[in-house]
Amino acid sequence: MLIKRQEVWPIADETVDVVISFYSLEHLYPLDFYIEQIKRVLKPGGVLVGAVPTEGGILWGDGRYLTTRRWFTKNTEINYDKIICWEHPNYADKIIHQLDQSLTRQSISFWPLGLFKWMDINLIARFVYKK
């Protein structure tokens with residue numbers, strides 16, 4: 001669905017069973033507005049299913065530093081760090097915290113080191129929340 005920034009979604013209240021959001025919440029600003037839209041359109045008992053990169057974590061940052069950032073710095077005049085900060089206003093810990101404040105967590109898991117619940121040593125946080 002393509003909408004203007006902070007436009008109320010053209011969906012009636014409490015009419016959606018499932019909202020799916022993979023790798024998008026980290027890009028939305030202001031995040032609380034969009035979480036409220038998700039909450040508004042979900043039916044009672046409806047679920048949000050999704051995942052976000054653990055942006056801001058050590059593993060994610062080190063990986064970016066050793067790959068894309070290195071290439072951009074060497075091959076372009078673009079301020080790569082500024083682009084990443086501008087493009088990713090929300091880190092995973094903030095997203096999870098705000099979801100916990102608005103919806104009921106059903107599950108959360110991490111990849112690739114799912115046995116460890118630390119965002120810093122994982123690349124992806126997967127979640128299910130219920131209204």
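Bear in mind that the values in this text are calculations on the coordinates, not laboratory data. Fair warning: this is a prediction, and the values are worked out from it, not measured in the lab. In this analysis, Cβ positions are derived from the backbone assuming ideal geometry, glycine residues included, and neighbour counts consider all displayed protein chains.
Quick look at the values:
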quantity	calculated
Within region 28-45: backbone nitrogen closer than 16 Å to the residue 7 label point (7 Å, Cα to C-beta)	29-30, 34, 37
Electrostatic dipole magnitude of the chain [Cβ: Lys, Arg +1; Asp, Glu -1; Cα centre; debye, to 20]	160
Gaussian network model of the chain, Cα within-10 Å springs - most flexible of 103, 31, 115	115
Antiparallel content of DSSP bridges confined to the chain, in %, to 5	70
Most to least packed among 47-55, 87-95, 22-30 [average Cβ atoms within 10 Å]	47-55, 87-95, 22-30
Per-residue ³J(HN,Hα) for region 121-131, Karplus 6.51 cos²θ - 1.76 cosθ + 1.60, θ = phi - 60°, Hz, x for Gly and Pro	10, 10, 9, 9, 10, 10, 8, 9, 10, 10, 7
Candidates 15, 67, 104: whichever shows maximal mean-square fluctuation once the chain is modelled as a Gaussian network with Cα springs under 10 Å	67
